[in-house]
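Notes for the one structure printed next.
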Amino acid sequence: MSSSSNTTLWQHPYVNVFKSVRVGDWKKSSRKGDASFVMNNSVRSFVVRVRGQVAASNYVTIPSDRKGSLNLHGRFAYIQLRAIPPRVWAMHLEINTTDKQVYRFSFGPSSVFKDLHTRGHSVRVPVRLSKKWTTLALDLPALLAQHAGGPGIKAENFLSLKSIQICANLDVRNVFTSDEIYRVDNEAKPIVSF
């Protein structure tokens, strides 16, 4: 088996990101402002809760080292989250590419991000969330190919998920990465629907 296969073998069938970085002990993740890891009774689980008036001043970053990388190779990211309307919320994912570039995808409410917008290595994506729990499923290579950097970027350029930043005003139950497509009728037990 090649060394690249060995480095990603532990990531199958999925990676529970919060568990792998032990998000609540804040050693491999960092927090700023009104951010905590608390029990949420409605989903009977601990969640990352970020509150505050300014998203840039209230957030959780995984991994804590900005130069570091999660290095998660799963094609799909599943994010279990709930927005706190009517407040503005934001979440950022950074993706590493095979040509050593980093693309930042910023997700926010459609009331703020009116249209999908790309500028350089940054992409703003409007998302409509309610106050109910939702699993946001993202095909990371397709997101990269369709919205980042023009015709030179292909799905094959996807290398890994580098980082996640959860900003105010969100509750996030967990983030999973996998090469598998999970649907309501075939979800793995930890990747539950709400």
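Computed extension gain for ASP115 through LEU136, at 0.36 nm per residue and net of the alpha carbon distance, reaches 5.7 nm. Once all protein chains are placed together, TRP10 keeps about 140 Å² accessible to a 1.4 angstrom probe. Under the rule a/c < 1.5 gives rounded, and otherwise a/b versus b/c splits prolate from oblate, where does the stretch 70-180 land using the Cα gyration tensor? Because a/c hits 1.5 or more and a/b fails to exceed b/c, the stretch 70-180 counts as oblate. Split the accessible area of the stretch 3-78 by element, probe 1.4 Å, and carbon with sulfur accounts for 51%.
By DSSP, the beta bridges lying fully in the stretch 74-122 are antiparallel in about 90 percent of cases.
Taking the Cβ of PHE46 as the centre, find all other residues whose Cβ is under 12 Å away and add up their charges (Lys, Arg: +1; Asp, Glu: -1).
Values: positive: LYS19, ARG22, ARG44, ARG49, ARG173; negative: ASP25, ASP171.
In short, +3.
Averaged over every viewing direction, what's the projected area of the C-alpha convex hull for the chain? Give it in nm², one decimal, please.
The directionally averaged projection comes out at 11.3 nm².
Mean separation of Cα pairs under 8 Å and 6+ residues apart, divided by the residue count of the chain: what relative contact order is that in percent?
On the way: 433 pairs, mean separation 59.1, N = 194.
For the chain, the relative contact order is 30 percent.
Give me the net charge of ASN169's neighbourhood, meaning all other residues with Cβ under 14 Å from the Cβ of ASN169; Lys, Arg count +1, Asp, Glu -1. List each step's numbers first, then the result.
On the way: positive: ARG49, ARG51, ARG82, ARG87, LYS131; negative: ASP34, ASP171.
Summing Lys and Arg as +1 and Asp and Glu as -1 gives +3.
Length gained on full extension, SER69 to ARG51, computed as 0.36 nm times the residue gap minus the Cα-Cα distance: 4.0 nm. Counting protein heavy atoms only, the stretch 86-141 has 52 percent of its accessible area on carbon and sulfur, 1.4 angstrom probe.
In deg cm²/dmol and to the nearest 500, what is the mean residue ellipticity at 222 nm of the chain if only DSSP H runs of at least 4 residues count, each as -39500 (n - 2.57), divided by the residue total? All intermediate terms of the calculation are to be shown ahead of the outcome.
Working: 3 runs with 19 residues, N = 194.
Computed mean residue ellipticity for the chain: -2500 deg cm²/dmol.
Counting Lys +1, Arg +1, Asp -1, Glu -1, what net charge surrounds SER160 among other residues with beta carbon under 11 Å of its beta carbon? Mind showing how you got there, number by number?
Values: positive: ARG75, LYS162; negative: GLU94.
Local charge sum for SER160: +1.
Pairs spanning more than 24 Å between alpha-carbon atoms, out of LYS28/LYS162; LYS132/LYS162; LYS100/LYS154; LYS19/LYS114; LYS27/LYS162: LYS132/LYS162; LYS19/LYS114.
The values are calculated or read from the model by the stated rules, or taken from the named source; none is laboratory data. Note that the structure is predicted; figures quoted are calculated from it, not measured. All Cβ positions, even for glycine, are placed from backbone atoms using ideal geometry, and neighbour counts span all protein chains on display. Only protein heavy atoms, including side chains, enter the accessible area calculation; ligands, DNA and RNA are left aside. Shrake-Rupley method; radii C 1.70, N 1.55, O 1.52, S 1.80 Å.
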